[in-house]
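Reviewing the structure listed below.
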Amino acid sequence: MAESFASQIDRWPSLTAMFFDQARARGDGPFLWRKTAGAWQSISYADAARTIASLADALIALGIAPGDRVMLVSENRPEWCIADHAIMAAGAVTVPAYVTNTEADHLHILEDSGARLAIVSTAKLAATLLPAIYNAKGCTAVIGMEKLRAGPESDVALHDWATLIAAHPPQVEAVAARQTAQRGDLACLIYTSGTGGRPRGVRQHHGAIMRNIAGAAAVVDEDFVRDPSGELFLSFLPLSHAYEHTAGQFMPIGMGGQIAYAESLEKLAANIEEMRPTLMVVVPRLFEVLRTRIAKAIEKQGGIAVVLFNRALRLGRKRYEGTLAVWERPVDALLDRTVRAKIKARFGGRLKAMIAGGAPLNPEVGIFFEALGVTLLQGYGQTEAGPVISCNRPSAGIKMHSVGPPLGGVEVRIAEDGEILVRGELVMHGYWRNEAETAKALQGGWLHTGDIGKLDEDGHLVITDRKKDIIVNDKGDNVAPQRVEGMLTLQPEIAQAMVIGDKRPYLVGVVVADPEWAACWAKDQGLPVATAEKEPEFRKALMAAVDRVNARVSATEKVRRIIVADAPFTVENEQMTPSLKIRRHVLKAVYGERLDRLYAG
């Protein structure tokens, strides 16, 4: 089934053709789920197709032409998926944007993409988006999924989602029949941070995403899938992120499965128990939190519960390592029916696998869940590659220290300097209107990932280092440290700064106080300059400067805590290069322990 499944996806010429074919085949079968008034309700494939057809015609009536860009700003909900498909069905290109974006972020994306229209979910999100649209050139209309409040007088027209859809009776077959997009045509622009801090639009074509979902679907189908229509994905990662966009939205559609949208991160555990998903796309941070919660819950029970739990972990690890003795197997099997069954029940009881990506997974966390019978498949990718490049799978042997073998149709090779290079249909066609960055990333048909790694004897990819400085936090969001550091050093109190946050929940930093400001502050406080920096109020004054920056950046770029440097970064102390760039590895060696302690409080 895996071969025919993947080959079916490969036969479709576009994502829109794929959806309309699946809608025709699945009809009134459930497709999108949301919780309303305390109860989960579904939208069928047929109903979704009708709404998509109406919205596509409405977009065309508003003047959207083939190739035009349409910005989409919304939290995860059924309308996100419907809007995405309607934009493509109208021949246009979706430009997703994070709900945490600042007005400046939105303005950059609007102007860089040249978006002519925007779709936004709520008035709250519109409060940040609309000022950017009023200042942008070329965006002439906004559609609100919910009622929007009229802003200042402008040439931007505000439209109501439901009214527009009602005004265009659904012509599903006509809309499906006029789809002409091919695999090489642009489907969306996913904006991701560059090393200079300005987000770049990654040109993802239909074939890039479809090659991804064919390869990823084959991974789960090899071991888990028997009836694709019964597969239910629980969506909670941002759909504006390439990982959830491809694996959490398009893969279920390619499989003919269902998608349920979590109410919030806080209600995720309850939603899992209620909807009982079979597959989930996740980030490592979730597992780190769950591991702590599970261990604390067992510790509270005490007694025999702790003994059995620890035995399940020990024997489960031995099974993973292939060292489980014959005489230990009966006890291990008993633990499957008791301890591990209770753990699985916390995940709804039907979960076949969770596919982890977006940030590196600590192998110990992976082995913990594997030992408890929860299958965790770590993968690796980049927005520039659709985004999934490789993934662990049971049939190939799960290795928690690796990110698995490359997907089908994906070539991976290691350059002389250890950089991971990728080639295949999944690779982007370049950055939108950015030839210089495109030339750096794409050389000789190969995507230069900026990551360092190796292929082991079994063909598993192992990531060993990060060639670029981009911070990937524990949720998989990319943060360009240079942008944040540059904004910090614009403050009169701060002369130099370095921020960190790789695989962490937020950014922290080390700052060097501006000597003139420090001298004035000390004088005002009646303190000697030499000892002023040791005062708690001195650090508070610097943090106030940091908070001014925090008010102007997105949530992922906020610096939550700082330490004050022992001395300025200089060439002489090797904390700067001769060209006056900070040496991150040197600074981390000096301040690493103190920065780590900022996460403990």
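The values are calculated or read from the model by the stated rules, or taken from the named source; none is laboratory data. What you see is a predicted model; the values in this text were computed from it and never measured. Counting neighbours? That spans all protein chains shown, and the Cβs are built from the backbone with ideal geometry, glycine included.
All conditions in (1) of a type in the set (F, W, Y); (2) buried (at least 21 other Cβ atoms within 10 Å of the Cβ); (3) over 18 Å from A247 (Cα atoms) hold for F31, with the sole exception of (3). With a requirement of 1 or more residues that are more than 30 Å from E485 (Cβ to Cβ), in the same structural domain as A92 (by TED's automatic domain parsing) and modelled with pLDDT of 90 or more, the helices (runs of 4 or more DSSP H) lying completely within segment 197-312 that satisfy it span 206-223, 251-255, 268-275. Scanning segment 445-462 turns up no residue that is modelled with pLDDT under 90, of a type in the set (V, I, T) and over 21 Å from Y380 (Cβ atoms).
Among the strands (runs of 3 or more DSSP E) contained in segment 351-459, which hold 2 or more residues that are in contact (Cβ under 8 Å) with a residue 24 or more places away in the chain and under 27 Å from R504 (Cβ atoms)?
Counting at least 2 such residues, we get 353-356, 376-381, 388-391, 419-423, 446-455.
Scanning segment 274-309 for residues that are under 11 Å from L234 (Cβ atoms) and over 17 Å from the mean Cα position of the chain (by Cα) yields E274, M275, R276, P277, T278. A single member of G373, G379, G404 is surrounded by 20 or more Cβ atoms within 10 Å (Cβ to Cβ), of a type outside the set (A, V, I, L, M, F, W, C) and within 20 Å of F233 (Cα to Cα), and it is G379. Residue count for segment 586-601 under the criterion of being at pLDDT 85 or above and part of a loop (DSSP other than H, G, I, E, B): the result is 2.
If the condition is being out of contact with any strand residue (DSSP E or B) (no Cβ under 9 Å at 6 or more places or on another chain), aliphatic (A, V, I, L, M) and assigned to a loop (DSSP other than H, G, I, E, B), then segment 529-585 contributes A551, V571, L580. Scanning segment 101-131 for residues that are closer than 27 Å to I52 by Cβ and assigned to a loop (DSSP other than H, G, I, E, B) yields a count of 6.
Can we say L125 is of a type in the set (A, V, I, L, M, F, W, C), touching a Gly at 6+ places or on another chain (Cβ under 7 Å) and assigned by TED's automatic domain parsing to the domain that holds T16? When the stated conditions are applied, L125 does not pass them.
The residue that is farthest from E273 (Cα to Cα), among those in segment 1-46 that are of a type in the set (S, T, Y), modelled with pLDDT of 95 or more and in a strand (DSSP E or B), is S44.
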